[in-house]
Structures are given as C-alpha cells and as structure tokens.
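Worksheet: one structure, shown below.
The values are calculated or read from the model by the stated rules, or taken from the named source; none is laboratory data. Quick caveat: nothing in here was measured; it's all calculated off a predicted structure. Methodologically, a virtual Cβ is constructed for each residue, glycine included, from the backbone with ideal geometry; neighbour enumeration extends over all protein chains shown. The accessibility values were calculated without ligands, DNA or RNA, using every heavy atom of the protein model including side chains. Shrake-Rupley method; radii C 1.70, N 1.55, O 1.52, S 1.80 Å.
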Amino acid sequence: MDSTGIHQILESIPGSAQGASASLCETHISWVILCGDVAYKIKKPVNFGFLDFSSLALRRHYCEEELRLNRRFSPELYLAVVPITQEGGKAVLEGTGVPIDYAVKMRRFNETQLLDNIAARNGMDMTLLRALARELAELHKKLPVCQPDPRSDEPGTPAALLAAIRQNFQQVRHYPLAEAQLLQLQAIEQWSLQQHSELLPLMLQRLHDGMVIDGHGDAHLGNIAVIDGAVRLFDCIEFNASFRIMDSISEIAFLSMDMHARGYQHASHRLLSDYLEYTGEFAALRLFSLYTCYFAMVRAKVNLLTESLHDTALTNTKGYKEFLRYLALAQLCTQPRRTFLAITHGVSGSGKSTIAGALLELSGAVRVRSDVERKRLAGLAPEQRSKSWEKDALYSTDMTRKTFSRLEIMAGTIIEAGFPVIIDATFLHRDDRERFHKRANQLLVPFVIIDCVAQHDELYRRLVERERQGADASEANVAVMEGQLATAQALTPEEQVFCLQAHSADDAAALWERLQSRCFG
C-alpha cells in the first residue's frame, strides 16, 4: 500500500469526494482513515529496525497482533482485521478480491474523552485518577506473566533493560551536542547504570515472583480514554515485544513520566499512590525512579531522532528543544527526594484521608491507609464492603495490631525506596504514635503528626454521607466515631512539638509550607 492507494480508498467511500464522510490521519508508521463511526488503521510498508512492516505477510501478522493484544484492554474498540483488495484497478476497503493489504477496523469514540484532552481542560479529578489507578491495577493482575531465563537478554530481563538504557545514550551521542548536554548525559548515564547494578537483585526477584508482564508498552495520556463511562487503554505496542514486556511498575512509571512532562505533577503523584493502594506493591517503588528516568530518556532520544543528524541549525529545531526538555526531566529523576514520615491524627470523619490526599499531591509522598491495609490483610479489596459476620474479626484487637505492624513495615519500605510517606490512621493512642516516632528516628527522617480537626456536627454529617455512598475504604460510622472520642488519648506537650493542625483539605498548600519548614528548615 502507498499514498496513491490510500487516496483511492478515500475516494471510494460514499460522499468522500465532498469531504463529508471520510478523513485521513497520518503518522510515521501508519495511515488512519476515519469514516463515520469506524476507523481503519493501515500500516505503512516501512522498516525501522525495531519495527518491520516491509512485507504484506508482516503487515497482516502485525494487524492480527494489534487486534489480539489490544482486545485485552478495550475489546469494544477493536472489531476485526479486514482486507484491502484491488477492484477495477483501485484499492478498496473490505473488498472481495485478492488482498493487497490489511487494516485494523476499530470503533471510533469521542476524542474529547482522551485523557490528554480531559487533562487539558482541567478534568483530571480525583475520581478519574482513582478509576485509572484501579483499571491499571486490575489489568496488571490479569495480563500474561512473562518469566524469561533471567540469565538471558530476552524481553523482560534485567539484561534487556540494561541494553535499552545503554542504547539510548549511544544513539543520542551521534548528534553534535553542546558540552553542557554531554555532561548531563554522562551524569544521567552513570546514575542509571549504578541504579541498575544496585537494583539487580530486586529485578531478578520480581521476575521470579511473576511481576514481569506482557503489558501495554505505550500507556500515555493520548492512548487512554473514557469510553462508555469506563477508563480504557488502546493502541498498545504490537510491533516489538521488548517495548511492552517489563516489570509491571514500569507502566505506572511511564504514565507518571508522561503526566509530569505535560505539567500534571500533582495528578501523577496521586495516581502513583492510588495505584499502590490497589496493588500493595510498595516494594516496587525502589524501581520507580530508574524506570521513570529511562522513559524520559526514550522520549528525549525519540524527539532528537526526528531531526537530521547533519542539520546545522539543530539547536533551533522543535525536536532539539523537546530533547532538552525531556533530558532535564531525566536528570530530575536522578535527584533524591526529601523524605519524611508523617502520621495523621483524628477520629473517623475528621478529614484525615482527604487532607493526606491533598498533601501527597503537593509533596510527592505515598499515602498508606490503615483502612485499606486492614482489608488487604483480610483478603478484601479497598472499596469492598465487609459482611456483617466479618466485622468482628476485621476490627478485632488482633487485626488492629497486625494492621499497625504492617503500616510500620510499609513506612520503612517506602522511605528506604526514597519517598516520603504519610500513614493515614486515627493514631488515637499514645503508644501507636510513639512507635512511629521511634521508627522515624531509626530511619533518620523528620517526623510529623498531622492533627485533623473538625466540629462534631461536621463529623456527623461526613460519616452519614460516607455511609450512604458506601464507596470509601473506611466503614466507620457515627457510633464508631463517638466511641473514639470517648477513648482517645490527647496529644501530649512533647507530641505537640511535632504537630501540625489541619482543618480541611483547603489548608493543604499552607500545611505543606509549614511541613517543609518544620522538617527541612
């Protein structure tokens, strides 16, 4: 298929001569014909090494792969692989003659519902981010597990990642870069190689544990949409398995990098924390910065490769400017975060989770909720309601002890991975607060108590509304809150030294300023 054939197809569609019913979109690897409520994606006969569509057999194979792989994410969009035939000397879609090419037939959807368009109009709210995190977490549980020989360089192995990291830097250095950029590259490369070496045991363990999956490979905001009210991924990488077979944490790292690059840092922080809440894979955080840096370097390289190697005006090109932007982002990924251990304090309904959520967006902290971890220990999902006969065990003294032990372990895991952490629990008892204060001292990080305060009538209103909706991890009701008020142990004068009071999520920006001042001077 060539551009002549594409225009023959356009002309053969009724009404297209007047431009009414068909239009063409083109990328460097495909043509997409939009026609009514369907779209036809046709692969260009190109070979870029990492991608080979040069023969009819290969194009048919990769059309079939695109259909198979993407139906894992959005089966309602991917309809069929259809032939393009030659009839009367012209190319025709879904003809009856001998195929001269193939197309993936897809259902069209409203492009205003692409996440990049939703984000551009400030529509990326907490509800959507949580739905996205839940969809990714559920997909990662269902997608095929890949367990290649860890001693090989097959897709999904540490050796494959190392080769890809090195290739990024090798290809970028073919271009005539300024000394400042060469120094940036050297620093990022050294950090990446050192991180890979240090994290090799963890990568091998996660490979052994089945955490390497055959995933999407290109899950950025432009490849995710809200369709029929549900979050759906589409257009995964079909042409090169090594781009999509990776540790599951890589996909959230890639999406987080994409959101950060577009200026949605706060949303990316919430997405990561929500994703970890659904998966419980806090140990994977140690890999997050390496993967984020790697994907930023991929984007930097790809933008540079769009420009001519011999362009004397290279530094004035759009590709070069985008290269610099992603290079700066990759370098940012190599910088250590300022860590702290914060705990919330307050009865049910006092706004702990809301305040912690707003604060994590600003700080990049990871939130760990006692309500979620308690349910995880009992084999329940975050929003899953417990049965009446389960509640005694779920909220027993023994389960509370196990929950706080898990919270303490998670606090250490997250801080050792280089992230600040907010432990979201009532912390109404002095012994529990002191336990986490001691843990912060052991971890050599600042300790903060976020004291969440609300009037009694507001506590009552929130709990009644939350119980009515039944969509939150917490199942505490008014009776529970009243019992907490009766037995709570007030903060001591010694504890007040570490305390920052918050009345609502509206205080988050000021709270973050006070927290930084308290922790970091």
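The set of residues in region 308-328 being open to solvent by 20 Å² or more (accessible area, probe 1.4 Å), in contact with a helix residue (DSSP H, G or I) (Cβ under 9 Å, 6 or more places away or on another chain) and not in a loop (DSSP other than H, G, I, E, B) consists of T315, K318, K321, E322, L324, R325, A328. Hey, does region 244-260 have a residue that's open to solvent by 20 Å² or more (accessible area, probe 1.4 Å), under 14 Å from the mean Cα position of the chain (by Cα), farther than 17 Å from H216 by Cβ and touching a residue at least 12 places away in the same chain (Cβ under 8 Å)? Taking every residue of region 244-260 in turn, at least one turns out to be open to solvent by 20 Å² or more (accessible area, probe 1.4 Å), under 14 Å from the mean Cα position of the chain (by Cα), farther than 17 Å from H216 by Cβ and touching a residue at least 12 places away in the same chain (Cβ under 8 Å). When C25, C35 are screened for being modelled with pLDDT of 85 or more, under 16 Å from N110 (Cα atoms) and surrounded by 13 or more Cβ atoms within 10 Å (Cβ to Cβ), only C35 passes. Checking each residue in region 188-205 for being in contact with a Leu (Cβ under 8 Å, 6 or more places away or on another chain) and more than 15 Å from R166 (Cβ to Cβ) picks out L199, L202, M203.
Considering (1) of a type outside the set (V, I, T); (2) open to solvent by 60 Å² or more (accessible area, probe 1.4 Å); (3) modelled with pLDDT of 90 or more, the lone condition that Y62 does not fulfil carries the number (2). Within region 177-194, the set of residues being open to solvent by 80 Å² or more (accessible area, probe 1.4 Å) and either modelled with pLDDT under 95 or within 26 Å of the chain's Cα centre (by Cα) (or both) comprises E179, Q190, Q194.
Do we find that L305 is among the hydrophobic types (A, V, I, L, M, F, W, C), surrounded by fewer than 21 Cβ atoms within 10 Å (Cβ to Cβ), farther than 29 Å from F109 by Cα and out of contact with any helix residue (DSSP H, G or I) (no Cβ under 9 Å at 6 or more places or on another chain) in this structure? The answer is no for L305. For region 415-423, the condition of being open to solvent by less than 60 Å² (accessible area, probe 1.4 Å) and acidic (D, E) holds for none of the residues. Restricted to region 196-236, and to residues there that are among the charged types (D, E, K, R) and over 18 Å from the mean Cα position of the chain (by Cα), the residue that is farthest from S250 (Cα to Cα) is D228. Among residues of region 50-59 being farther than 18 Å from R244 by Cβ and touching a residue at least 40 places away in the same chain (Cβ under 8 Å), the one that is most open to solvent (accessible area, probe 1.4 Å) is L56. Of the residues making up region 25-43, those that are outside any strand (DSSP E or B) and within 24 Å of S54 (Cβ to Cβ) are T27, H28, I29.
Of the residues contained in region 164-173, one or more are found to be within 21 Å of Q335 (Cα to Cα), open to solvent by 60 Å² or more (accessible area, probe 1.4 Å) and under 26 Å from the mean Cα position of the chain (by Cα). Take the conditions (1) within 29 Å of the chain's Cα centre (by Cα); (2) over 30 Å from S289 (Cα atoms); G418 misses just one of them, which is (2). Against the conditions (1) open to solvent by 20 Å² or more (accessible area, probe 1.4 Å); (2) among the aliphatic types (A, V, I, L, M); (3) assigned to a helix (DSSP H, G or I), V226 satisfies every one except (3). So is S268 open to solvent by less than 10 Å² (accessible area, probe 1.4 Å), in contact (Cβ under 8 Å) with a residue 24 or more places away in the chain, under 19 Å from C333 (Cα atoms) and of a type in the set (G, A, S) or not? For S268, the condition - open to solvent by less than 10 Å² (accessible area, probe 1.4 Å), in contact (Cβ under 8 Å) with a residue 24 or more places away in the chain, under 19 Å from C333 (Cα atoms) and of a type in the set (G, A, S) - is not met. Can you confirm whether S197 is open to solvent by 20 Å² or more (accessible area, probe 1.4 Å), within 30 Å of S55 (Cβ to Cβ) and assigned to a helix (DSSP H, G or I)? For S197, the condition - open to solvent by 20 Å² or more (accessible area, probe 1.4 Å), within 30 Å of S55 (Cβ to Cβ) and assigned to a helix (DSSP H, G or I) - is not met. Filter region 66-99 for residues that are over 14 Å from E238 (Cβ atoms) and either open to solvent by 60 Å² or more (accessible area, probe 1.4 Å) or of a type in the set (K, R) (or both) and give the result. Once the filter is applied, which keeps residues that are over 14 Å from E238 (Cβ atoms) and either open to solvent by 60 Å² or more (accessible area, probe 1.4 Å) or of a type in the set (K, R) (or both), region 66-99 yields P75, L79, Q86, E87, G88, K90, E94, T96, V98.
Output the residues belonging to region 71-90 that are farther than 18 Å from I13 by Cα and not in a strand (DSSP E or B). R71, R72, F73, S74, P75, E76, L77, listed by residue number. Restricting S256, S250 to residues that are at pLDDT 95 or above, assigned to a helix (DSSP H, G or I), touching a Leu at 6+ places or on another chain (Cβ under 6 Å) and closer than 17 Å to R299 by Cα narrows the list to S256.
Among the residues of this structure, L290 counts as one that is within 17 Å of L204 (Cα to Cα), open to solvent by less than 20 Å² (accessible area, probe 1.4 Å), over 14 Å from the mean Cα position of the chain (by Cα) and not polar (S, T, N, Q).
Within region 134-158, residues that are polar (S, T, N, Q) reach partners that are in a helix (DSSP H, G or I) with beta carbons closer than 9 Å, at six or more positions or on different chains, in the pairs Q147/L207; Q147/H208; S152/A159; S152/A160; T157/M203; T157/L204; T157/L207. Can you find, within region 303-329, the residue that is farthest from K438 (Cα to Cα) among those that are of a type in the set (A, V, I, L, M) and touching a Phe, Trp or Tyr at 6+ places or on another chain (Cβ under 8 Å)? This residue is L309.
Would you check if G210 is small (G, A, S), without any contact (Cβ under 8 Å) to a residue 60 or more places away in the chain and surrounded by fewer than 23 Cβ atoms within 10 Å (Cβ to Cβ)? So G210 fails the test.
Within region 284-306, being free of Cβ contacts under 8 Å to residues at least 60 places away in the same chain and not hydroxyl-bearing (S, T, Y) holds for F295, A296, R299, V302, N303. Among the residues making up region 459-496, those that are under 22 Å from S396 (Cβ atoms) and acidic (D, E) are E467, D472, E475, E482.
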